[in-house]
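Here the structure is laid out as structure tokens; the discussion comes afterwards.
The values are calculated or read from the model by the stated rules, or taken from the named source; none is laboratory data. Quantities reported herein were computed from a predicted structural model and do not represent experimental measurements. Here the Cβ is made from the backbone with ideal geometry for all residues, glycine too, and neighbour counts use every protein chain on show. Side chains included, ligands, DNA and RNA excluded: accessible areas come from the protein's heavy atoms. Shrake-Rupley method; radii C 1.70, N 1.55, O 1.52, S 1.80 Å.
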Amino acid sequence: LPPLPQPCANGAAAILGNVVYLAGGQSGAGLESAMDNFWSLDLSQMDKPGGELAWKPLPTWPGPTRAFNLTVMQHNGFDNCIYVISGRRQQAGVEGNAGMTPLTDMYEFDPTTYAGKLKRGATEQEAAEAAWIQRPDVPVCVMAGTGIGIGQSHVFVFSGADGSLFAKADELKDAHPGFPKRLWAYHAITNTWIDAGELPANQVTTPAVQWGKDIIIAAGEVRPRVRTAAVWRIEPLRYKGAFGAINSTVLVMYLLAMVGVGVYFANKNKDTNDYFRGGQRIPWWAVACSIYATMLSSITYMAIPAKAYAQDLVYMAGHLMIVAMAPVAIYVALPFFRQIDATSAYEYLSKRFNMPVRMVASGLFTLFHIGRMGIVLSLAALALTSVTPLTPVQSVLIMGVLCLIYCTLGGIEAVIWTDTIQTFVLLGGALLCLVLIILRIDGGVSSMFSTAYADGKLHTVNWDFSLNSYTSTALWVVLLGAFGQNFSSYVSDQAVVQRYMTTPSFKTAARSIWTNAWMAIPSALIFYGMGVALYTFYKQHPARLSPTMNTDQVFPLFLSNEVFVGVAGLVVAGIFAAAQSTVSTSMNSTATTIVTDFLRPMKAFKSERGYLHAARALTFTLGALGTLIGLLFIDPSIKSLFDSALAVIGIFMGVLGGLFALGLLTTRANGWGTLVGLICGALVMFCLPYYSQLNLLMYATTGIATCFVIGYLASIVLPCQSGDLTGLTVFTMSKAARVAAEAG
């Protein structure tokens with residue numbers, strides 16, 4: 001490895017990804033040579049042809065020089081950051097021990113902010129000013145101490161020298177009592193320090209090292225110039241509150257009720273029209289609740305409060321874009337589905353283009369929802385483990401098996417009515433919890449808003465229109481990205497479109513879409529409000545945070561420790577409800593597409609009863625497969641469920657949205673050109689996470705645009721015979737046909 005830019009002793013380093021950051025130290029034998037150095041070494045250059053390793057000097061922290069500091073990496077809710085903590089320096093003009101100045105200050109460096117500012121044209125000084133932030137001082141000096149990041153947002157400092165006996169070290173010698181045995185914990189999201197209690201030992205001037213799930217502290221100094229050979233292993237223990245018999249009873253009663261709904265509707269399914277479309281007899285308000293519950297998965301139920309708790313409210317504008325999407329769904333897409341009396345959304349594609357486009361789109365949708373089932377189940381399970389006695393595997397199996405029972409038996413009617421019940425459980429539990437969190441905040445609502453405002457948690461709009469703002473949460477990115485996501489969901493997602501066809505008429509379907517859209521406003525206020533309230537509560541009570549929890553578990557953590565008996569059972573039922581509504585919808589909609597888009601065109605069965613049996617068998621099989629994937633996807637290292645969901649939805653559903661945009665909004669696009677656009681769009685989307693810094697919000701919109709542009713151009717280059725387009729595009733549907741569709 002290359003030498004340092006200059007001699008440096010008694011500094012400290014941390015690694016973030018492939019980059020080593022070295023901060024502080026002294027260039028000579030005396031403390032007067034304490035430094036303000038901040039260097040980085042990118043180890044990824046070792047693997048690149050012609051790559052040359054070199055230390056890069058970076059802008060330093062805005063505070064004084066130091067040696068014997070701590071350098072630690074941790075996530076602050078937005079990005080992985082480097083923290084420079086404590087240390088000591090020599091007071092100017094004072095020689096010897098009397099001039100030693102212990103430091104308690106701490107500084108945070110955000111490499112993402114620094115690189116982003118440089119890309120946007122900022123000067124080195126401007127980028128440094130944005131990237132370096134002074135954080136709250138350590139309660140005492142911890143120079144030469146051992147520090148390390150624990151979990152997703154805590155920094156543990158295993159004490160250090162506080163400097164109180166520094167001038168008396170030579171005088172005391174063997175009578176020196178040793179360094180303070182205190183554990184200090186810093187939480188990088190709420191920016192708070194706590195005294196975490198006594199330690200059995202304090203070994204300074206040695207690093208703390210992660211080894212599996214444990215931390216190792218080997219050797220070090222126990223008092224001035226006295227070293228030890230002791231090795232300590234620190235095991236972070238996961239605290240879990242008692243769920244209790246009452247909470248368990250509430251949860252079990254809810255789960256049994258959902259199975260009862262499936263059994264009730266089992267005998268009502270006489271054919272696939274009943275199984276897939278509920279005989280088109282379901283009331284609009286139940287369909288509205290079902291669409292809402294489908295779109296509001298367990299990811300949303302836990303991830304939105306966690307996102308607002310860890311960051312701010314800039315994503316809220318995107319959730320309100322559902323209201324802007326409703327007219328497009330009603331007046332652009334809905335008439336076409338009602339006109340062709342679709343069971344599968346992809347029937348439209350075979351009429352507009354050709355059968356290969358329909359089958360590829362249907363297959364892509366099926367793969368997406370099988371994966372989505374696994375993701376929803378696994379992420380919900382991770383949160384539930386912090387509240388219930390269940391393990392992640394047990395949680396996945398319970399949710400998956402119960403969905404298999406009631407969804408396989410009852411079909412879409414059971415799914416919609418369970419979704420309706422789950423909507424009331426979801427919103428009722430969330431609203432109750434918001435009230436309970438506010439009641440636990442010292443100072444109530446006024447304190448919540450004042451704290452949140454002072455700490456930037458009420459920041460709602462990012463007015464960034466620079467050339468590189470596509471990588472940020474700029475307002476245009478949030479709005480355009482949310483519109484693309486909602487367009488893909490409400491126009492091309494079989495899970496949503498299928499519900500349009502379960503109501504008796506166009507008007508009732510339109511009413512369900514509008515109702516679902518307006519429900520997004522109070523739900524956004526509730527869930528984002530919960531995040532702000534949770535931040536304020538834990539800012540006031542940081543000792544109640546568990547260092548072993550994921551950030552997405554902050555809401556379940558509150559349920560586990562802070563609410564009344566029975567309430568936790570109700571809200572955990574809501575989390576189960578959110579997961580089950582999404583999974584059951586995926587099971588039924590994927591079975592619908594396979595039967596309608598593959599088996600019926602191939603005339604696989606001679607009777608309607610054969611297709612009904614196939615539908616039930618496919619529902620069970622696909623649900624079982626999604627449950628198995630859920631067991632494989634359990635990953636506690638995920639930083640944000642919200643970000644994971646954005647990536648998966650954007651990669652798969654964006655391309656499908658582009659297909660429907662080509663069909664509905666153009667007359668030039670043809671079957672083979674559209675197929676080229678579909679394939680190219682899918683390739684682009686799968687490469688996007690690896691070769692682009694595009695914000696995750698824009699994935700769906702990028703998929704729509706890529707498929708649309710390439711498909712349209714390919715249709716010009718590869719002309720083919722188009723069928724009769726009458727009634728299949730917005731330009732060729734006559735007023736009479738639209739009136740007929742809206743009347744049907």
Residue 53 versus (1) surrounded by fewer than 20 Cβ atoms within 10 Å (Cβ to Cβ); (2) within 28 Å of residue 166 (Cα to Cα): which is the lone unmet condition? (2)
Selection from the range 375-393 of residues open to solvent by 10 Å² or more (accessible area, probe 1.4 Å) and under 12 Å from residue 628 (Cα atoms) yields 375, 393
Evaluate the following for residue 287: is it modelled with pLDDT of 75 or more, in a helix (DSSP H, G or I) and either open to solvent by 40 Å² or more (accessible area, probe 1.4 Å) or farther than 28 Å from residue 575 by Cα (or both)? no
3 or more residues open to solvent by 10 Å² or more (accessible area, probe 1.4 Å) and modelled with pLDDT of 90 or more: qualifying strands (runs of 3 or more DSSP E) within the range 136-192: 147-150, 182-187
Mind listing just one residue for me: the one in the range 581-608 that is touching a Lys or Arg at 6+ places or on another chain (Cβ under 9 Å) and surrounded by fewer than 21 Cβ atoms within 10 Å (Cβ to Cβ) and, of those, modelled with the lowest pLDDT? 608
Please verify whether the range 119-129 includes one or more residues that are part of a loop (DSSP other than H, G, I, E, B), open to solvent by less than 20 Å² (accessible area, probe 1.4 Å) and free of Cβ contacts under 8 Å to residues at least 60 places away in the same chain. no
Does residue 339 satisfy the condition of being at pLDDT below 90, over 25 Å from residue 651 (Cβ atoms), of a type outside the set (Gly, Ala, Ser) and surrounded by fewer than 19 Cβ atoms within 10 Å (Cβ to Cβ)? no
Scan the range 553-578 for residues that are farther than 15 Å from residue 386 by Cβ and among the hydrophobic types (A, V, I, L, M, F, W, C) and report the count. 7
For the range 427-435, check the following and say yes or no: at least one residue is open to solvent by less than 20 Å² (accessible area, probe 1.4 Å) and over 30 Å from residue 498 (Cα atoms). yes
As an exercise: evaluate residue 635 against (1) open to solvent by 40 Å² or more (accessible area, probe 1.4 Å); (2) in a loop (DSSP other than H, G, I, E, B); (3) at pLDDT 85 or above; (4) closer than 28 Å to residue 372 by Cβ and give the number of the one condition it does not meet. (3)
Residue list for the range 20-32, restricted to those being within 20 Å of residue 115 (Cα to Cα) and buried (at least 18 other Cβ atoms within 10 Å of the Cβ): 21, 22, 23
Failed criterion for residue 102 (all others in (1) open to solvent by less than 40 Å² (accessible area, probe 1.4 Å); (2) more than 27 Å from the chain's Cα centre (by Cα) hold): (1)
Given the range 37-86, what strands (runs of 3 or more DSSP E) lie entirely inside it while holding 1 or more residues that are of a type in the set (Gly, Ala, Ser)? 38-42
Confirm whether residue 397 is closer than 14 Å to residue 634 by Cβ, crowded, with 22+ Cβ neighbours inside 10 Å and not charged (D, E, K, R). no
Taking the stated definitions as given, is residue 59 open to solvent by less than 30 Å² (accessible area, probe 1.4 Å) and either within 39 Å of the chain's Cα centre (by Cα) or touching a residue at least 60 places away in the same chain (Cβ under 8 Å) (or both)? yes
Restricting the range 658-678 to residues that are touching a residue at least 60 places away in the same chain (Cβ under 8 Å) and outside any helix (DSSP H, G or I), the one surrounded by the fewest Cβ atoms within 10 Å (Cβ to Cβ) turns out to be 667
Residue 372, sole failed condition from (1) out of contact with any Lys or Arg (no Cβ under 7 Å at 6 or more places or on another chain); (2) farther than 27 Å from residue 265 by Cα; (3) open to solvent by 10 Å² or more (accessible area, probe 1.4 Å): (2)
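Table: residues versus (1) of a type in the set (Phe, Trp, Tyr); (2) surrounded by fewer than 17 Cβ atoms within 10 Å (Cβ to Cβ); (3) at pLDDT 90 or above.
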| site | (1), (2), (3) |
| --- | --- |
| 457 | no, no, yes |
| 468 | no, yes, no |
| 490 | yes, no, no |
| 516 | no, no, no |
| 525 | no, yes, yes |
Taking the stated definitions as given, is residue 376 over 21 Å from the mean Cα position of the chain (by Cα) and over 22 Å from residue 275 (Cβ atoms)? no
Taking the range 82-98 as the search range and keeping residues that are on the phi < 0 side of the Ramachandran plot and in contact with a Leu (Cβ under 8 Å, 6 or more places away or on another chain), which one is modelled with the lowest pLDDT? 90
With criteria (1) modelled with pLDDT of 95 or more; (2) open to solvent by less than 40 Å² (accessible area, probe 1.4 Å); (3) touching a Leu at 6+ places or on another chain (Cβ under 8 Å), residue 74 comes up short on (3)
Scan the range 33-42 for residues that are more than 30 Å from residue 96 (Cα to Cα) and open to solvent by 50 Å² or more (accessible area, probe 1.4 Å) and report the count. 1
